[in-house]
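Enquirer: This is the structure I have questions about; it appears just below.
The values are calculated or read from the model by the stated rules, or taken from the named source; none is laboratory data. Just so we're clear, the structure is a prediction, and the values are computed from it rather than from any experiment. Note: ideal-geometry Cβ built from the backbone for every residue, glycine included; neighbour counts use all protein chains shown.
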Amino acid sequence: MLQKYTSSVCTGVLAIAFSLLLVDLSEAASPGLNYVRPRGGQRGTEVSLTFIGARLSDAVEILSYKKGFEFKEIKGNPKNANVCTAIVKIAPDCALGEHTFQVRTKSGVSDYKTFWVGQFPEVAEKEPNSKFETPQAIELNHTVTGVIQNEDVDYFVVNAKKGQRISAEIEGVRLATTLLDPYVAILDEKRFELKAEDDLPLLRNDTAVSVVAPADGKYTILVRDSSYRGNGAAFYRLHVGTYPRPTAVYPAGGQLGTKQKVTFKGNTVNNLVQEFQLPNKPDDDFRLFASDAGGSAPSGNVFRLFPHGNSFEKEPNNEFKQASVATLPNAFNGIIEKAGDIDYFKFQGKKNQTLEIECYSRRIRSPLDPVMALYNAKFQRLAANDDSRGPDSYFRYKFPADGEYYLSITDHLARGGEDFIYRVEMLPVTASLDLGIPRNARYSQERQRIVVARGNRFAAVISVARKNFGGEIVLDPSNIPKGIKMIAEPMAANLTTMPVVFEAAADAPVEGELIALKGRHADPKQKIEGVFKNRADLVRVRNNQLLWLKDVAQIPVAVVEELPFKLDIVEPKVPLTRSGSMQLKVVVTRKEGFDKPITLQFPFRPPGVGASSRVTIPKGKNEAFYPLNANGNAQIKKWKVFVIGSADVGGAAWVSSQLASLEVADSFVDLKLARSAVEQGKETEILCTVSMKNPFEGDAKIKLVGLPPKVTTTDISFNKESKEVVFKVKTDPASPQGRHKSLFCQVEIPMNGETVVHTTGRTELRIDKPAPPKKNEPPKPKPVAKKAQPKKEAPPKRLTRLEKLRLEAQKRLESGSK
């Protein structure tokens, strides 16, 4: 569903404002967003926001991934094209915590960045507050917005009554502006540290502390970076109040569409029980917020939404004979309550049933590092795992027989505590599908949105992750906005990517929205569907460790104003053959006055097809040739491909060619080259045997490629009738001696006015140095022509004795007859 919140009242105002600004498209393309300031706001209030990035002067809309916001007075800064501002009205019931925004301009859509919603009035940090003796006085149930400079320490003081809860939670690294690893402590008037925390598993690298005031008086909250680092971008939001701040919720999941009672644990929360109505549909970002008379926790506890109910451990269950009885398909829930604790469950397994057995602990923000093992009725271990899901455990198991089985869970380091919660879900193997767009760079969100210029095209490579199934995938065009057409063929069963082109009509509305881009199995009988998901790596540190990220399940699709260039592929009339190459012609249609260079990329490559990383159409030129090649195992098929190009239009503006046909075919001929050897300065022949695979009409050409220096030959013509050809090879006295193994043939076959080029056959040419004359050996005399001799008659043949007797007998017979 569309989730954009632009005030209808301000539409006319925006039109007037932008007509006055006269923003030129050439000065505002491909917007970027670095961060939003302030980094958060109180729900139920209006906040003036500044969006800081690049090329934001023609901003027209703020896209939000969740409800609860109304934006108005969106405008650029006439003095700074990299900034725009807006007034946001935050609904009183807007969800607490993290939200994602993107800026849509007349020429594109920015990256998405985060904004935090809190429940308290906000006060700004005021220096000097860097000494315990001179803290900044604040009231309870307020949010302090501040910044940590290098070696900075901020102190805040509150008044509290005996028995009153004092909680402090900080958003530091979660604000995703820089690496801030916050440390928070609560001190009494004598500077005694009542509670301090650095990294809380619930909040990753951020933290929270909570104490009960032991007496009436002043209490000081200390904030600093754990390593005393900081900088001008190390912003934080510190929520100080009387609210509950549990570190765990038990159970950590419940059945979809039901009411679920849960118990919050940890910090100063002593088994707070609340009941929640759970949603009917899965939501990976679902949270439960603890609340009592002191208020609501600033951020929620992760909560799993599950198709089935819950089974719970019952202590004691530290050995097989005491195992807690659980019923499938319920999820197993428990707590490793103390050091060395191990929990056992007993359940019934069915013969030949295959289950995915998955433990959730770190992923639900528990400090537990689980180790999980499966046993049969004789207590023999059948399977075990430690870290298949990060620190969490997972394995798949096929039960060999009906009967009783046991499952054990413990901590990897034998630790425990009241918030060491876990949850084991066992489900049959099911099919699932996720869609995405491959990243162009590790941290980049470049082209993770669909931005189509009027009368033009934009393309993306859509990737899929199939789980537990195979087959073709098709995209669902039903959510595509008005005025845009999506062109895509089914994704082959053996591929994980597909080319997709989006075309905008010349009169398409210049609008944008967030959509759920869906895909499904090509066979309608297979009820397998998935949606596009994108991940922003918001904070990474050395060794590529990811500290904070944000996942979304929608993609921006927008139509922007017309661009001054358009790309087309001239579809080849010949195939790209295995072991062959091709120059794919790309032409650009330019608007008058636009002559800037255009950088081309070939993002989708059929299996076995390679291409240059990029090619440039030079300034003022209207065409370029994109080199393609295919290896010997390239998949034979008629493929759809595209070329995408960018040009500087006050920033990178992207357009795509049409979805063009490219046929990959088998090579036409195989050639077998015989080895040959020759002395320097002499000639030799290389025999080439021709094996026709795909007969063609007319004459073709064979080139012998890879000859060493000062070795020559001539090209040979052949046709479909040819069986053998011979290369006459000439060497030079200076030709390099040795074995030259890089010789091969390049075949060029004219077809449909173009040329098919592929390579085939390899051989070796050995060049030897002429043998020197032997020592003291006189030179060989030159041969002298001999005179012709008269032909001599052959001597009579000598007869054997037996032949003589036969001859005499024959003569006597002849004389007797006379």
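Enquirer: Taking interchain pairs and intrachain pairs at least six residues apart, which have beta carbon atoms under 7 angstrom, with the first residue in the range 562-576 and under 22 Å from LYS637 (Cα atoms) and the second part of a strand (DSSP E or B) and of a type in the set (Lys, Arg)?
Expert: Taking only residues 6 or more apart or on different chains, the pairs are VAL570/LYS585.
Enquirer: Take the residues in the range 508-529 that are assigned to a strand (DSSP E or B) and of a type in the set (A, V, I, L, M), then tell me which one is nearest to SER64 (Cα to Cα).
Expert: Result: LEU514.
Enquirer: Still on this structure: Scanning for something under 24 Å from LYS693 (Cβ atoms), modelled with pLDDT of 95 or more and buried (at least 19 other Cβ atoms within 10 Å of the Cβ), does the range 602-611 turn up at least one residue?
Expert: Among the residues of the range 602-611, at least one is under 24 Å from LYS693 (Cβ atoms), modelled with pLDDT of 95 or more and buried (at least 19 other Cβ atoms within 10 Å of the Cβ), which makes the answer yes.
Enquirer: Among the residues of the range 544-551, is there at least one that is more than 20 Å from the chain's Cα centre (by Cα), surrounded by fewer than 19 Cβ atoms within 10 Å (Cβ to Cβ) and either of a type in the set (S, T, N, Q) or closer than 21 Å to GLU489 by Cβ (or both)?
Expert: No, every residue in the range 544-551 fails to be more than 20 Å from the chain's Cα centre (by Cα), surrounded by fewer than 19 Cβ atoms within 10 Å (Cβ to Cβ) and either of a type in the set (S, T, N, Q) or closer than 21 Å to GLU489 by Cβ (or both).
Enquirer: Examine the range 408-416 for a residue that is of a type in the set (Ser, Thr, Tyr) and either under 21 Å from the mean Cα position of the chain (by Cα) or over 29 Å from ARG304 (Cα atoms) (or both), and state whether such a residue exists.
Expert: No; the residues of the range 408-416 include none that is of a type in the set (Ser, Thr, Tyr) and either under 21 Å from the mean Cα position of the chain (by Cα) or over 29 Å from ARG304 (Cα atoms) (or both).
Enquirer: Ok, one more. Restricting attention to strands (runs of 3 or more DSSP E) lying wholly within the range 280-355, give those where 2 or more residues are closer than 30 Å to ARG237 by Cα.
Expert: Correct list: 304-306.
Enquirer: Do any strands (runs of 3 or more DSSP E) lying entirely in the range 122-212 carry at least 2 residues that are closer than 23 Å to GLY40 by Cα, and which ones are they? Write out each step before concluding.
Expert: Values: elements: 122-124, 142-147, 153-160, 165-171, 182-187, 193-197, 208-212.
Counting at least 2 such residues, we get 122-124, 142-147, 153-160, 165-171, 182-187, 208-212.
Enquirer: List the number of the failed condition for ALA293; all other conditions in (1) over 32 Å from the mean Cα position of the chain (by Cα); (2) in the same structural domain as PHE132 (by TED's automatic domain parsing); (3) surrounded by fewer than 21 Cβ atoms within 10 Å (Cβ to Cβ) hold.
Expert: Unmet condition: (2).
Enquirer: Here's a check for you: in the range 647-669, which residue that is in a strand (DSSP E or B) and polar (S, T, N, Q) is surrounded by the most Cβ atoms within 10 Å (Cβ to Cβ)? Working first, answer last.
Expert: Quick first cut of the range 647-669, residues in a strand (DSSP E or B) only: 647-648, 652-656, 660-665, 669.
From what is left, the residues that are polar (S, T, N, Q) are 656, 661.
On the way: SER656: 26, SER661: 12.
Taking the candidates together, the pick is SER656.
Enquirer: Follow-up question, since we're still on this one. May I ask you to list the residues in the range 156-203 that are surrounded by fewer than 18 Cβ atoms within 10 Å (Cβ to Cβ), of a type in the set (D, E, K, R) and touching a residue at least 40 places away in the same chain (Cβ under 8 Å)?
Expert: LYS161, LYS162, ARG191
Residue by residue, here is whether (1) in contact with a helix residue (DSSP H, G or I) (Cβ under 8 Å, 6 or more places away or on another chain); (2) of a type in the set (Asp, Glu) holds:
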residue: GLU561; (1), (2): yes, yes
residue: ASP568; (1), (2): no, yes
residue: VAL574; (1), (2): no, no
residue: SER581; (1), (2): no, no
residue: THR589; (1), (2): no, no
residue: GLY593; (1), (2): no, no
residue: LYS596; (1), (2): no, no
residue: PHE602; (1), (2): no, no
residue: ARG605; (1), (2): no, no
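Enquirer: Right, here's the next one. Looking at the range 412-424, which of its residues are out of contact with any Gly (no Cβ under 6 Å at 6 or more places or on another chain) and either surrounded by fewer than 22 Cβ atoms within 10 Å (Cβ to Cβ) or outside the structural domain of SER361 (by TED's automatic domain parsing) (or both)?
Expert: HIS412, LEU413, ARG415, GLY416, GLY417, GLU418, listed by residue number.
Enquirer: What residue, of GLU748, GLU721, is acidic (Asp, Glu), surrounded by fewer than 17 Cβ atoms within 10 Å (Cβ to Cβ) and within 44 Å of the chain's Cα centre (by Cα)?
Expert: Answer to the check: GLU748.
Enquirer: Before we move on, is VAL153 surrounded by 18 or more Cβ atoms within 10 Å (Cβ to Cβ) and not assigned by TED's automatic domain parsing to the domain that holds LEU514?
Expert: Judged against the criteria, VAL153 is not a match.
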